[in-house]
1. Considering only the stretch 75-90, state which residues are within 15 Å of PRO11 (Cα to Cα) and touching a Leu at 6+ places or on another chain (Cβ under 8 Å).
2. Tell me the residue from THR22, THR52 that is in a loop (DSSP other than H, G, I, E, B), open to solvent by 20 Å² or more (accessible area, probe 1.4 Å) and either modelled with pLDDT under 90 or among the hydroxyl-bearing types (Ser, Thr, Tyr) (or both), please.
3. Among the numbered criteria (1) surrounded by fewer than 18 Cβ atoms within 10 Å (Cβ to Cβ); (2) in contact with a Cys (Cβ under 8 Å, 6 or more places away or on another chain), which one does TRP79 miss?
4. Mind checking which residues of the stretch 55-96 are within 22 Å of ALA23 (Cβ to Cβ) and of a type in the set (S, T, N, Q)?
5. Restricting attention to the stretch 74-82, does a residue exist that is in a helix (DSSP H, G or I), under 16 Å from SER124 (Cβ atoms) and either of a type outside the set (Lys, Arg) or at pLDDT 90 or above (or both)?
6. Please specify each residue of the stretch 87-105 satisfying the condition of being open to solvent by 40 Å² or more (accessible area, probe 1.4 Å) and more than 18 Å from LEU56 (Cα to Cα).
7. Can you tell me which residues in the stretch 60-76 are more than 12 Å from the chain's Cα centre (by Cα) and open to solvent by 60 Å² or more (accessible area, probe 1.4 Å)?
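The values are calculated or read from the model by the stated rules, or taken from the named source; none is laboratory data. Small disclaimer: the values here were computed from a predicted structure and weren't measured. In this analysis, Cβ positions are derived from the backbone assuming ideal geometry, glycine residues included, and neighbour counts consider all displayed protein chains. Calculation scope for accessible area: heavy atoms of the full protein, side chains included, ligands and nucleic acids excluded. Shrake-Rupley method; radii C 1.70, N 1.55, O 1.52, S 1.80 Å.
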Amino acid sequence: VSMRSSPAPLPILAIAGFGIATAAIIAAPLVLGDQYDWIVRSVSESAAQQTTGAWLGRLALLLSGLSTIAVCIVRARVWGAVATTAFALFGFMWMLTAIYSTRSWIETVSYNELESSLHSVFASAMAIINLGALVLLIWGRYASRTWRVATVGLIAAATLLPLASVILPEFAGVSQRVMFFWTYVWLSREALLLSETGKTALNPPLKLME
């Protein structure tokens, strides 16, 4: 007996989570005041230690991770065990960046060095895991040209935008937000594919060797 598609509420909750996370990221600079410049500062810094209003940034990071894990549950049979595990780890790491906050961008604010270091470790690990998961999906599952272009674009964004943040630090906040929102859109589209076989979007798996 084949498994039925995931119940509708779970994809809806995942998409709602990404929507609320987006709203929180947009609203956070209004709460943090003039000292926080969203063009320069990262989402993680909006959730920094000892920061008034950091709850909005932490909410965004937490919901990002939870919603990603929800999408993993919805798409597990289509993605396959390895890619699903990779995305689940990505979502879990995303949640941990909300629990372990980075240091404040204000130099005089005290902070817990271990907590800030753990945040950096989790943030770096989730970026690598995300890239690996996306590559696994392209390699083994999809033949849709539109989907592949969107996914390659996300891989490029996840690779190049962090580099852009280093080369153009005055736009680091913009770069990270573009990467976050692109990821939300990509995962939200996956959440909408309710069939375990990809009834509305999945073509047969790619045949790499013919």
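1. Selection gives ARG75, VAL78.
2. Answer to the check: THR52.
3. Against the list (1) surrounded by fewer than 18 Cβ atoms within 10 Å (Cβ to Cβ); (2) in contact with a Cys (Cβ under 8 Å, 6 or more places away or on another chain), TRP79 comes up short only on (1).
4. Those that are within 22 Å of ALA23 (Cβ to Cβ) and of a type in the set (S, T, N, Q): SER64, SER67, THR68.
5. Looking for residues that are in a helix (DSSP H, G or I), under 16 Å from SER124 (Cβ atoms) and either of a type outside the set (Lys, Arg) or at pLDDT 90 or above (or both), one finds none in the stretch 74-82, hence no.
6. Within the stretch 87-105, LEU89, PHE92 meet the criteria.
7. ILE73
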